[in-house]
Amino acid sequence: MSTTWHVLGAGSLGTLWATRLARAGAPVRLILRDAARLQAYEAAGGLTLVEHGVAQCYAVAAETPDSSEPIHRLLVACKAYDAQAAVARLAPRLAPGAELILLQNGLGSQDAVATQVPQARCIYASSTEGAFRDGDWRVVFAGHGFTWLGDASHPVAPIWLEDLDAAGIPHEWSTEILTRLWRKLALNCAINPLTVLHDCRNGGLQNHHCEVATLCGELTELLERCGQPAAAENLQQEVERVIHATAANFSSMHQDVASLRRTEISYLLGYACKVAERHQLNLPHLTQLQQRLITHLHSLGLPSD
Ligand code: NAP
């Protein structure tokens, strides 16, 4: 029998993965926070995925972290700031040789999780798929994209990638997953905080060309210093391309701040600044950007970690 996909977190990405895997016939079990969330989920009757304007409900089985079934494969689909605590609760249930797929944006949370569960194989993912919640247990598939998966310490691809093929989840095994995560982090650092501070769509940064270019210079220096020269290649050019291509969009950080939701700053700009400090690299504009963003978040009563 095929291995069960335990999916931790029935938010945007968790729902996107759980529903596609379930409809392809893979065994899936959601892990919800607690008994109250489980009760609310069961009352709703399943997860709803809205694709091309059509809503479809999937009655995916669910449980709480306290369930006793061993976990062989765990898709961690919560926010970066929740990952460590969420996985710690499940650690006693991990079977020997268990595999974790970490969908968190940015860097820092994956290593923290991996250190916590040395008995498991941790696979890092970087995704350009886009989804958002438009109600409890209801997710809109907003942007078709791609997911890269990789394991920096073990280049061999896992067998279960065929489940992703069957589920129609576009993916590729990457032996350079850290480079991909660093590149995405650098793009995020150059764009997202400025969209918050200037309160604009991505395209609004075309009016702040010098500020963006200065940040790209410092981010390039950082990537080169921390052994990621491939992630640094033509960074500014790509940042400008993304700003142009997504001109009408609000960045994810802008959306979080506008909705007064906690951001993942510690795993994005905060992580970049921490690594710069570790390398004794002086990056004044990046540091100042972090300070400005923290001050702004505090002024709105939002956490800065
Ligand atoms: P989300 O919609 O906020 O979903 C996170 C889910 O995790 C929520 O359902 C939350 O439960 C659950 N959760 C948190 N702690 C938990 C715990 N201890 N036990 C069980 N469930 C727990 O977040 P998301 O947008 O899917 O983002 C997940 C990660 O993917 C982030 O790092 C994000 O940056 C990244 N990402 C997202 C997208 C996207 O389009 N959404 C794209 C690329 C990358 P409650 O419902 O109870 O709060």
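The values are calculated or read from the model by the stated rules, or taken from the named source; none is laboratory data. Small disclaimer: the values here were computed from a predicted structure and weren't measured. So basically every Cβ, Gly included, is an ideal-geometry build from the backbone, and we count neighbours across all protein chains shown. Surface accessibility is based on the protein's heavy atoms, side chains included, excluding ligands, DNA and RNA. Shrake-Rupley method; radii C 1.70, N 1.55, O 1.52, S 1.80 Å.
At 0.36 nm per residue, and after removing the present C-alpha to C-alpha distance, how many nm does the segment from residue 281 to residue 69 gain when stretched out fully? Could you put the intermediate results ahead of the total?
Values: separation 212, 0.36 × 212 = 76.32 nm, distance 4.72 nm.
Result: 71.6 nm gained on full extension.
Run the helix sum for the chain: -39,500 (n - 2.57) per DSSP H stretch of 4+ residues, divided by residue count, reported at 222 nm to the nearest 500 deg cm²/dmol. Could you put the intermediate results ahead of the total?
On the way: 12 runs with 134 residues, N = 305.
Mean residue ellipticity, 222 nm, calculated: -13500 deg cm²/dmol.
Note down the nm distance, to one decimal, between modelled labels 7 Å out along Cα→Cβ at residue 172 and at residue 134.
So the label points at residue 172 and residue 134 sit 3.1 nm apart.
Of all the accessible heavy-atom surface of the chain, with the other protein chains kept in place and a 1.4 Å probe, what percent is carbon and sulfur?
Numbers: 6930 of 13760 Å².
About 50 percent, which is the carbon plus sulfur part of the accessible surface.
Positive end of the dipole of region 5-175, charges at C-beta (+1 Lys, Arg; -1 Asp, Glu), about the Cα centre: which of 123, 107, 87 has its Cα farthest in that direction?
87
Tell me the per residue accessible area of the chain using a 1.4 Å probe; a whole number in Å² is fine.
Counting only protein heavy atoms, the per-residue value for the chain is 45 Å².
For region 260-272, in order, what is each residue's ³J(HN,Hα) by Karplus, 6.51 cos²θ - 1.76 cosθ + 1.60 with θ = phi - 60°, in whole Hz (x at glycine and Pro)?
6, 9, 4, 9, 9, 3, 5, 9, 10, 4, x, 5, 4
³J(HN,Hα) across region 191-199 via Karplus (A = 6.51, B = -1.76, C = 1.60, θ = phi - 60°), whole Hz, x for Gly/Pro?
Karplus values, whole Hz, x for Gly and Pro: 10, 4, x, 5, 5, 6, 5, 8, 6.
Residues of region 140-172 with backbone nitrogen within less than 13 Å of a virtual label 7 Å along the Cα-to-Cβ line of residue 24, please, listed as ranges.
Those under the cut-off are 147, 159-172.
Note the angle between two axes, namely the Cα long axis of helix 80-90 and the longest principal axis of the Cα atoms of the chain, as a number of degrees from 0 to 90, rounded to the nearest 10.
30
Using only Cα atoms, find the angle between the long axis of helix 209-225 and the longest principal axis of the chain, and express it within 0 to 90 degrees, rounded to the nearest 10.
Its long axis makes an angle of about 70 degrees.
Using only alpha carbon pairs under 8 Å that are at least six residues apart, calculate the relative contact order of the chain and give it in whole percent. It would help to have the intermediate numbers written out before the result.
Numbers: 525 pairs, mean separation 44.8, N = 305.
Once normalised by length, the contact order is 15 percent.
Pull out the extension gain between residue 162 and residue 144, defined as 0.36 nm times the separation in residues minus the alpha carbon to alpha carbon distance; nm, one decimal.
Working: separation 18, 0.36 × 18 = 6.48 nm, distance 1.93 nm.
My answer for the length gained is 4.5 nm.
Name the residue farthest towards the positive end of the dipole of region 154-305 from the options 189, 245, 168, assuming +1 on Cβ of Lys and Arg, -1 on Cβ of Asp and Glu, about the Cα centre.
Of the listed residues, the answer is 189.
Using a simple spin-label model with points 7 Å from Cα along the Cα→Cβ vector, what separation in nm is obtained for residue 42 and residue 95?
2.5
Taking H placed 1.01 Å from N in the peptide plane, check which residues at least 5 places from residue 138 or on another chain put their amide H under 5 Å from its amide H.
Excluding prolines and chain starts, which carry no amide H, the hits are 48.
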